[in-house]
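Some notes on the structure that comes next.
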Amino acid sequence: MTLISADTEFAARLKAQFSDDIVADTEPRYLEEPRGTWQGRPTLVAKPRNVEEVAGLIRAASEARVPVIPYGGGTGLVGAQISPEGPLPLILSLERMTAVRAVWPEENVLIVEAGVILADVQAAARDAGRLFPLSLAAEGTARIGGNLATNAGGTGVLRYGNTRDLCLGLEAVLPDGQIWHGLRRLRKDNTGYDLRNLLIGSEGTLGVITAAAMKMFPQPHDIGTAVFSVASPAAALTLLSMARERLGDMVSAFELISGQGLAFLRQELPEIRQPFEAAPDWSVLIEVGVAAGMKAQSALEDLFEHGLEKDLVIDGVIAQSAQQSDAFWSVREHIPEANKRIGAVVSSDVSLPLGALADFIKAGPARIATVGEFRINCFGHMGDGNLHYNIFPVEGRSKKDHLGDRENVQRAIHDLVHEFDGSFSAEHGVGRLKVGDLERYGDPAKLCAMRAIKHALDPLGIMNPGAVLRA
């Protein structure tokens, strides 16, 4: 089917059907994305206030064969929220759907609309004496609908899982305008195909998530944070295994930090105080949340002593206050900003089996060297196997000097990841950036099934064409 641009005739039709403040021309913020890889084009934006208005807008787009791009906080890093080519889309922003509809502390469940900012979901849980554990750098602007549509990860996956694992039910509008009332609070619902998990991670290509029932958790009795310098990534993995043997699921985060990342941070953001005077080659940021009757600091001291005995740990600092804990996390959270200022040739979001992480990190430099001379900043969520493997020019050069190398560098990384049975996209999604990678590395049977599902639910192809699957 041929899609049609959201032209003046379509705009007039929408404005006649909906109130004046629902449909408008796009502001520049809807046409940009954080890495500046794509630029959208002026078109229409719709800002519905409820699920019925979302359904009406989708029906109108379906009847007119106008493509639709669901839009959350615009923080995605793979271009799913931008349409750089093809017929002009209707951008459907969920920013006005910001209600926390209900909270059940005794069930550890809350229901939120898709436009609620992630930090506000966390606050709603906190006000109920509970924890909503999804945490990521963009939580002050990212919206929960987008987190669900991309199956966002973040720092708490080791203990609590991805966004998919935090969701019990969804309300969504399908590509023909039907409303799916799947907003249930059930932990068990074995009634056929799981439409919830089909929509989570689909990046707006199968429908529009409008609300979600999300899990909450009891607040840990005591939280402790530490930074340990370690002998190597292999030593870090052994330390992780030791931590989980001693503390079980009380290990909330285990982040790997490279000396190169700390050097970039010291160069670009010297005001960020680092825990060590001299940056170690490798360090880990550990957070534990322990049960009543335990002390987090004592648990971390015990872990440090045993790591030292086994020659895994070289040095360490355990936070003595919430302020110092925040300072440790600030180091980790500002590494991407320092990377951005340096200017990456390639930024990769990959995952590996835990047992393959150390060998992958060891093999990486030689593989990258086949393309040219670069600096590598490898860091990320080691506890769940997710590395951000970023490649930078050597000192005195810039990423502009390597425009012709980008594709070869990315291919070298993803080929190596594939050899280690990993994934080229750990938590950022496929979007438009990695459509070719999905075709190259994806299982043929899976791709065939994905295309069949897309055609069955969205036969006109109006939902975010060009994202995940080639249009």
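Odds and ends about this structure:
- Hz values of 3J(HN,Hα) by residue in segment 151-158 - Karplus curve (6.51, -1.76, 1.60), Gly and Pro given as x: 6, 4, x, x, 8, x, 5, 3
- Within segment 152-202, trypsin sites (Lys or Arg not before Pro) in DSSP loop having at most 10 other beta-carbon neighbours inside 10 Å: ARG187, LYS188
- Excluding same-chain neighbours fewer than eight residues apart, the lysines reachable from LYS188 by a Cα-Cα span under 20 Å are LYS215.
- Mean separation of Cα contacts under 8 Å (6+ apart) over length of segment 1-91, as relative contact order %: 40 percent
- Farthest toward the positive end of the dipole of the chain, out of PHE276, ALA211, VAL121, is the Cα of ALA211, where the dipole comes from beta carbon charges about the Cα centre.
- With a Förster radius of 30 Å applied to the C-beta separation of ARG96 and ARG187, the computed FRET efficiency comes to 0.45.
- Distant-in-sequence amide contacts of LEU94, defined by a placed amide H-H separation under 5 Å and a gap of 5 or more residues or a different chain, comprise TYR71.
- DSSP-loop GluC sites (Glu not before Pro) across segment 237-271, with at most 14 other Cβ within 10 angstrom: GLU271
- Remark: spin-label model distance ASP21-GLN39 equals 3.2 nm, labels positioned 7 Å along the Cα→Cβ axis.
- Taking the accessible area of the chain, probe 1.4 Å, and keeping the other protein chains in place, the carbon and sulfur fraction comes to 49%.
- Normalised contact order of segment 356-430, rounded percent, pairs of Cα under 8 Å and 6 or more residues apart: 30 percent
- When only Cα pairs below 8 angstrom with a gap of at least 6 residues are kept, the chain shows a relative contact order of 16 percent.
- What separates the Cα centres of segment 16-64 and segment 333-356 is a distance of 32 Å.
- In degrees, nearest ten, helix 406-419 long axis to first principal axis of the chain (Cα): 70 degrees
- Accessible surface, the chain, averaged per residue in Å² (probe 1.4 Å): 44 Å²
- Assuming charge only on the beta carbon of Lys and Arg (+1) and of Asp and Glu (-1), the dipole of the chain about its Cα centre is about 860 debye to the nearest 20.
- For LYS47, a cut-off of 23 angstrom between C-alpha atoms picks up these lysines, skipping any fewer than 8 places away in its own chain: LYS15.
The values are calculated or read from the model by the stated rules, or taken from the named source; none is laboratory data. Everything quoted here is computed from the prediction, not taken from an experiment. Note that we place each Cβ from the backbone using ideal geometry, even for glycine, and neighbour counts take in every protein chain shown. These accessible areas exclude ligands, DNA and RNA; they are computed on the full protein's heavy atoms, side chains included. Shrake-Rupley method; radii C 1.70, N 1.55, O 1.52, S 1.80 Å.
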